[in-house]
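The values are calculated or read from the model by the stated rules, or taken from the named source; none is laboratory data. Since we're looking at a predicted model, the values are computed, not measured. With ideal geometry, Cβ positions are generated from the backbone for all residues, glycine too; neighbour counts draw on all protein chains shown. Each accessible area value is taken on the protein alone, full model and side chains, heavy atoms only, with ligands, DNA and RNA left out. Shrake-Rupley method; radii C 1.70, N 1.55, O 1.52, S 1.80 Å.
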Amino acid sequence: MLSFLAGLGLGLSLIIAIGAQNAYVLRQGIRREHVLAVVAICAASDAVLILAGVAGLGFLVERMPWLVVVAQWLGAAFLLVYGMGAARRALRSTDLGLTGEAPPAARSGGRLAAVVLTTLALTWLNPHVYLDTVLMLGSIAATHGDARWIFAAGAVVASILWFSVLGYGARHLGRWLDTPTAWRILDGVIAVIMIGLAVSLVVQTISA
C-alpha cells in the first residue's frame, strides 16, 4: 500500500504541472469535444510509458540520448505550429463561445481524427514525458524492489484520475467562457504556453 501511495503521489506531482498536453486537454474539456478520446489517449500513453520505465526501458534511453534530442526537435516544431494556430484563433473575431448547449465544433462532432492525432503528438513528441515517466518514475520504482509494479500501478491511477478530472471537470468552466472575448483570451494563453515550450525545447537542445 505504501508503494502504491508513493507512486500515486509522485505521479500526480509530475503530471499536474501546466504544459502543452494539459492545456490541450483543458481546451477540449471546455469545448466538450471528444473528451473521452483525449482522456483515454493521454492516460493510456502514460500507462505504457510508466510500465516501460519500470520494465527497464529507461536504461535504453540513457544509453541512446539522441532519441531525446530527436523528440525535442520534433516536439518544438509541433508545439510552434500548434501555438501559432492558437494565436491566430485568439486574433480572430469569430464567435467561439459556448452559446446554447455546446460549441459549434462539439455540435457537429468535430474532427475526431484531427483531435486524436493532435493528442498523440502532444503526448509522444514531448521529451519531458520520457524524462518524467520512463526515466524518473522508472528509476524511483526500482528502489521499491518487488513492489515496483505496485508503485507503477499507483502512478498509472494518478494519470487516469488527473486526466479524467481535467477533461470532464473543465466543461463546468464553459459558463464563464460563453463569449468570443473569453475564448480569445483562452486561446491566447494556450498560444503563449505552446510557443514558450517550443522555444525552451530549442534552447535546451542547442545549449546541451
Response to the item:
At R0 = 41 Å the Cβ-Cβ FRET efficiency linking VAL70 and LEU173, nearest 0.05, sits at 0.70
Worksheet entry | Heavy atoms of SER45: accessible area, 1.4 Å probe, square angstrom to 10 | 10
Worksheet entry | Prolate/oblate/rounded label for region 11-55 (Cα gyration tensor, a/c 1.5) | oblate
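Using only the heavy atoms of the protein chains and a 1.4 Å probe, how would THR118, THR143 rank by accessible area, largest first?
Per-residue accessible area, sorted high to low, gives THR143, THR118.
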Fill in: Rounded Å value of the spacing that divides the Cα centres of region 24-56 and region 147-174
9
Worksheet, complete the sentence: Computed ³J(HN,Hα) along region 186-195: with the Karplus parameters 6.51/-1.76/1.60, θ = phi - 60°, integer Hz and x for glycine or proline, the list is 4, 5, x, 5, 4, 4, 4, 4, 5, 5
Fill in: Accessible area (Å², 1.4 Å probe, nearest 10) - MET84
100
